[in-house]
Ligand SMILES: *Cc1c(COP(=O)(O)O)cnc(C)c1O
């Protein structure tokens, strides 16, 4: 027998799957997963080409359809999320777009959390609307509001948890119950937790969406996305990717495969440092409040402790002064990177009200809790003492 097919190993735990799932060795006996940089694949004969195109024989045709490195990534992430199938995409937004194009049609209605990634909001509010799909936005944590927004046309619930930047936590099992009662699919953008900390399918969600660009890569190198769920729905999503073309490249899939191998270790390190920083920030006199589900003072702390394995790497805090103090704080740091990205080994710091949420009207910002004194930190993997010392420079500048 030997050990040729790591993909056939069964009954493995999360960490073993993260390192081994999905890889079938080629005849070369390579240990690390190979990168198949080829746009197309050759056939042994005209008859074989016809059989592949006709679907009577499985196999690769063209890398917009399938690629072995991409498939290895898809099988590994599907195993980690506990889903039947994963479809990889060129970015996180492509994953959300392919999900919507695959599963919705004109006349359908979506209920979405209002606390979602800004570009996702634009996708629903502007582009899907052009094709006759309407969206109602509701508060993430108000289960009754989700149910009240349901119409006979509602086909999809969409949310992110914890939310960005205020770290509100949705009760996935409760919302899955509402969705099931009404025959609606529940999609969870699991970018902030990753399967290392939260597995939405186990809690009753139908679809998990990822921006692999963030923690799955974990080192800020490449863009990618993924959708995980049942075979039936994923067949539709795959059809969109194969036809529309937002395919993940083999190179990026290879980078993400390597990222998955260290995902749990990294997520626990991000979470441990973020918790320590959140506690320290909460004790500073210039801080009005800290938003982080790991703090006992967070309104959904108990839910987050139940639903997640740890609390993640992103936190936000409010300085008592307004924009001026927030900008002074940010500008006084020396190590932290001033960028809106997150999920990187390098700690990032940003002012949501003038960047990620800058498009919102003052009223919308107020409704979403994005105050001018709010600062978001996505805690990286540097020494926590150095991150804290950099924040101390921020406080010293106020
Ligand atoms: C970044 C992000 C996206 C979009 O992903 P891209 O890879 O940038 O397209 C979607 N959802 C969340 C929560 C994100 O943070």
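The values are calculated or read from the model by the stated rules, or taken from the named source; none is laboratory data. Keep in mind the model is a prediction, meaning the values are calculated, not measured. Methodologically, a virtual Cβ is constructed for each residue, glycine included, from the backbone with ideal geometry; neighbour enumeration extends over all protein chains shown.
Within the stretch 35-42, does at least one residue satisfy the condition of being touching a residue at least 60 places away in the same chain (Cβ under 8 Å), surrounded by 16 or more Cβ atoms within 10 Å (Cβ to Cβ) and closer than 30 Å to residue 195 by Cα?
For the stretch 35-42, residues touching a residue at least 60 places away in the same chain (Cβ under 8 Å), surrounded by 16 or more Cβ atoms within 10 Å (Cβ to Cβ) and closer than 30 Å to residue 195 by Cα: present.
Out of the residues in the stretch 201-220 meeting the condition of being closer than 17 Å to residue 313 by Cβ and more than 12 Å from the ligand (Cβ to nearest atom), tell me which one is surrounded by the fewest Cβ atoms within 10 Å (Cβ to Cβ).
Residue satisfying both the conditions and the ranking: 219.
Can you find a residue in the stretch 88-95 that is within 11 Å of the ligand (Cβ to nearest atom), in the same structural domain as residue 175 (by TED's automatic domain parsing) and modelled with pLDDT under 95?
Looking through the stretch 88-95, none of the residues is within 11 Å of the ligand (Cβ to nearest atom), in the same structural domain as residue 175 (by TED's automatic domain parsing) and modelled with pLDDT under 95.
Looking at 27, 11, which is the one that is surrounded by fewer than 13 Cβ atoms within 10 Å (Cβ to Cβ) and at negative phi?
27
Does the stretch 283-300 include one or more residues that are within 15 Å of the ligand (Cβ to nearest atom) and surrounded by fewer than 21 Cβ atoms within 10 Å (Cβ to Cβ)?
So far as the stretch 283-300 goes, no, none of its residues is within 15 Å of the ligand (Cβ to nearest atom) and surrounded by fewer than 21 Cβ atoms within 10 Å (Cβ to Cβ).
Test of understanding: among 298, 291, 270, which residue is farther than 20 Å from residue 393 by Cβ and out of contact with any helix residue (DSSP H, G or I) (no Cβ under 9 Å at 6 or more places or on another chain)?
Exactly one residue qualifies, and that residue is 270.
Which of the residues spanning the stretch 75-94 are buried (at least 21 other Cβ atoms within 10 Å of the Cβ), in a helix (DSSP H, G or I) and in contact with a helix residue (DSSP H, G or I) (Cβ under 8 Å, 6 or more places away or on another chain)?
76, 77, 79, 80, 81, 94, listed by residue number.
Within the stretch 383-398, how many residues turn out to be outside any helix (DSSP H, G or I) and in contact with a strand residue (DSSP E or B) (Cβ under 9 Å, 6 or more places away or on another chain)?
The number of residues fulfilling the criteria is 1.
Might you let me know whether the stretch 176-185 holds any residue that is buried (at least 24 other Cβ atoms within 10 Å of the Cβ), in the same structural domain as residue 94 (by TED's automatic domain parsing), touching a strand residue (DSSP E or B) at 6+ places or on another chain (Cβ under 9 Å) and closer than 30 Å to residue 266 by Cα?
Within the stretch 176-185, not a single residue is buried (at least 24 other Cβ atoms within 10 Å of the Cβ), in the same structural domain as residue 94 (by TED's automatic domain parsing), touching a strand residue (DSSP E or B) at 6+ places or on another chain (Cβ under 9 Å) and closer than 30 Å to residue 266 by Cα.
I need the helices (runs of 4 or more DSSP H) fully contained in the stretch 101-190, keeping only those with at least 1 residues that are more than 20 Å from the chain's Cα centre (by Cα) and over 22 Å from residue 313 (Cα atoms).
Counting at least 1 such residues, we get 143-148, 172-181.
Restricting attention to the stretch 108-123, which residues are farther than 20 Å from residue 214 by Cβ and crowded, with 20+ Cβ neighbours inside 10 Å?
Across the stretch 108-123, the qualifying residues are 110, 111.
Report yes if some residue within the stretch 58-65 is more than 14 Å from residue 237 (Cα to Cα) and touching a residue at least 60 places away in the same chain (Cβ under 8 Å); otherwise report no.
Scanning the stretch 58-65 turns up at least one residue that is more than 14 Å from residue 237 (Cα to Cα) and touching a residue at least 60 places away in the same chain (Cβ under 8 Å).
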